[in-house]
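Working notes, beginning with the structure itself.
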Amino acid sequence: MTRDQLHAIGRTLYGSTWQTELARNIVNLDGEELDKRRVQQWACGARPVPNWLLPELKKLAARKLKEMQKLNVDLDKFG
């Protein structure tokens, strides 16, 4: 994954605060929350985006999709 792809995914999932939110929502291989600085390093190209991140991003996207689908159902109730 390139840093540009990471930017696009992050912005789609979390908007302008994507780096902070990604760090809060991703658990690293040691089972710990990511340090925001690590995400910033990936984003600026100082460190390569690790291979283990893609499956984690897929999980986040699936979770966000469920949230949006539920919101859509709830909004239908108002109409």
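Note on the chain: lysine pairs with Cα distance below 23 Å, sequence gap of 8 or more or different chains, count 8. Toward the positive end of the charge dipole of the range 3-78, with +1 on the Cβ of Lys and Arg and -1 on the Cβ of Asp and Glu, the farthest Cα among 62, 17, 7 is that of 7. Go through the range 32-61 and name the GluC sites (Glu not before Pro) that are in a DSSP coil and have 15 or fewer other Cβ atoms within 10 Å of their Cβ. Filter output for the range 32-61: 32. Annotation: extensible slack from residue 36 through residue 77 equals 11.0 nm (criterion: 0.36 nm per residue apart, minus Cα-Cα distance). Taken over the alpha carbons of the range 3-78 as equal point scatterers, the Debye sum produces base-10 log I(q)/I(0) values at 0.11, 0.17 Å⁻¹ of -0.31, -0.65.
All of the numbers you see were taken from the coordinates with simple rules; none came from a lab. Worth saying up front: this structure is predicted, and the values here are computed from it rather than measured. Cβ atoms come from the backbone with ideal geometry, glycine included; neighbour counts cover every protein chain shown.
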